[in-house]
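Quick notes on the structure that follows.
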Amino acid sequence: MSTFTTSMFASIKGALQKDNKPANAVSDILRFTKGNSYVVRLVPNVSNPEKTFFHFYSHGWESFATGQYISAVSPQTFGERDPIAEFRYKVNRTGTEDDKNKAKSIIRSEKWLVNAYVVDDPINPENNGKVKILRYGKQLHNIIMSAIEGEDAQELGPRIFDLTEVGCSLRVKVEDQGGYPTYVSSKFLMPGALPGVTDGARSKIEQDVIDLDQVFKIKSSDELQELLNEHYHCTDSTPVQATQQPVTQTTAADTTKVDLGEDVDMTPSSPQPATEDVDLDDDKIKELLQGLDE
């Protein structure tokens, strides 16, 4: 008599369905559109509080080989040496003016990730009532840090992570400043309950948090060098000009990924007075890159 049961079949079927789902959470990153306001409540990682935020650096540029926008997390995120950063440093010290101008196409960006319960997404209302990822740059970082340990900490503090009626939601206001999105008018709102969220639902929200340090698939040092060779130098061999020092990557994820979904909040690698107080989207990045080639 067979020991195979209907429940075993259901388990096998469920496992196959899970395997068909994307392995990363890039698709869970909230997308913002200029001229709109979004309301979210920050969600702490209650099982591992120190992982509530993920702070990272990345490089991005328009490939000189394919024209595609290329991006990758920098090993400097984990305190490791970065072959792309070292290449740019060497060019800025010893390269020709043409070399330096070309190197400006590599945009270094600093960002943070945090889980957020979506109260109101006016463009994609299907996100409402779900836990998504809020990716942000220095403007929103300043507002959040002011609430945690700055001049607004006494009034806000733990309330920005509280899912009850005493918690405070964050209104992300995306305005236009000279063609670029700016977030400086964003702010935390007065305390209030989350619509329709009960005690049981709050527990579910906390359980739905995404492991932020697993969102992006991290490239190894060799893979970053290959990326630079292929999409910057347009060659398969390692240029003399590029660093060949090994970089040890200590993160758990070691597979490759080109697209970080960098659609907003890109900080130029060199200060640009006209845009240093605003965040750049992909279209504006491409305009800047095209301008550098002219």
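Among the residues of the stretch 193-221, those that are of a type in the set (S, T, N, Q) and without any contact (Cβ under 8 Å) to a residue 24 or more places away in the chain comprise THR198, SER203, GLN207.
Cβ-Cβ distances below 7 Å connect the following pairs, each with a first residue in the stretch 175-192 that is exposed (fewer than 14 other Cβ atoms within 10 Å of the Cβ), a second residue that is among the acidic types (Asp, Glu), and a separation of six or more residues or different chains: SER185/GLU175. Every condition in (1) crowded, with 17+ Cβ neighbours inside 10 Å; (2) touching a residue at least 60 places away in the same chain (Cβ under 8 Å) holds for TYR57 except the one numbered (2). When SER220 is tested against (1) crowded, with 17+ Cβ neighbours inside 10 Å; (2) on the phi > 0 side of the Ramachandran plot, only condition (2) is not met.
Right, ARG81: basic (Lys, Arg) and part of a strand (DSSP E or B) or not? When the stated conditions are applied, ARG81 does not pass them. For LEU224, the conditions (1) modelled with pLDDT of 95 or more; (2) in contact with a strand residue (DSSP E or B) (Cβ under 7 Å, 6 or more places away or on another chain); (3) part of a loop (DSSP other than H, G, I, E, B); (4) among the aliphatic types (A, V, I, L, M) all hold with the exception of (3). For SER47, the criteria (1) under 30 Å from ARG159 (Cα atoms); (2) more than 16 Å from the chain's Cα centre (by Cα); (3) modelled with pLDDT of 95 or more hold in every case but one, which is (3). If you go through the stretch 115-126 and pick out every residue that is surrounded by 20 or more Cβ atoms within 10 Å (Cβ to Cβ) and either over 13 Å from the mean Cα position of the chain (by Cα) or within 13 Å of VAL172 (Cα to Cα) (or both), you end up with 5. Evaluation of ARG159 against the conditions (1) surrounded by 14 or more Cβ atoms within 10 Å (Cβ to Cβ); (2) touching a Leu at 6+ places or on another chain (Cβ under 9 Å) shows that the sole unmet condition is (2). Just one of the listed residues (ILE143, ILE133) is part of a helix (DSSP H, G or I) and either surrounded by 14 or more Cβ atoms within 10 Å (Cβ to Cβ) or at pLDDT below 95 (or both), and it is ILE143.
The values are calculated or read from the model by the stated rules, or taken from the named source; none is laboratory data. For clarity, every value in this text was computed on a predicted model and none was experimentally measured. Note: ideal-geometry Cβ built from the backbone for every residue, glycine included; neighbour counts use all protein chains shown.
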